[in-house]
Amino acid sequence: MDTPTPADRLTAFGNQLIIVHDWLREELATLREDAAAYLASRSARAPELSAHCLAFCSALERHHSGEDATAFPALAEQFPQLRPVLEELTRDHRIVSDTLRRLQRLVDGLGDDRTRDVQAELDGLAALMESHFTYEERKIAAALNALDVPEWSDAPPAFLLARLKP
């Protein structure tokens, strides 16, 4: 098998974005299942649910912050026609961030019988994320695949490294 060249790695960034989005979708689905189990029978312990929520929220924030700071400026420079799309995606990131803060406050107060509110917030977040991710993938994945950023050839940028920390 041939060793990938920097150009080969660059063409995969849009595809890697989709992989990260899929992973975030799966993590949110698991978090929603945990919250539903807690609501149904209190089988999940609130501290574990809170820790999972905090880890997920942090991973999603890191991903979006990385896009705002790294990917979007590079895309705007090389593909100026995408600027309106990038501005819209950045606005979405602020809405998601607000939702994550509300969610974390609710999860932190689970003992106050706010579990139904947590489930509703998670449902809203899932709908928002799916809409955002689908739009983002449709609008910028191909441009990311074509993006030429020499400093990215040594290591992928932070927005592609969103993972939960143990």
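Table for the structure above
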item: Residues satisfying the stated conditions in the stretch 67-113, i.e. under 14 Å from Leu144 (Cβ atoms), of a type in the set (Asp, Glu) and either free of Cβ contacts under 8 Å to residues at least 60 places away in the same chain or not in a helix (DSSP H, G or I) (or both); result: Glu77
item: Positions within the stretch 37-66 being assigned to a helix (DSSP H, G or I) and among the charged types (D, E, K, R), in sequence order; result: Glu48, Glu61, Arg62
item: Search result, residues across the stretch 106-165 that are farther than 23 Å from Leu49 by Cα, modelled with pLDDT of 85 or more and of a type in the set (A, V, I, L, M); result: Ile140, Ala141, Ala142, Ala143, Leu144, Ala146, Leu147
item: Subset of the stretch 78-102 [open to solvent by 90 Å² or more (accessible area, probe 1.4 Å) and modelled with pLDDT of 95 or more]; result: Gln81, Arg83, Glu87, Arg91, Arg94
item: Output for the stretch 43-66, where each listed residue is in contact with a Pro (Cβ under 9 Å, 6 or more places away or on another chain) and of a type in the set (Asp, Glu); result: none
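The values are calculated or read from the model by the stated rules, or taken from the named source; none is laboratory data. All values derive from a computational prediction rather than experimental measurement. FYI the Cβ positions are ideal-geometry reconstructions off the backbone, even for glycines, and counts take in every protein chain you see. The area values use the complete protein model at the heavy-atom level, side chains included, leaving out ligands, DNA and RNA. Shrake-Rupley method; radii C 1.70, N 1.55, O 1.52, S 1.80 Å.
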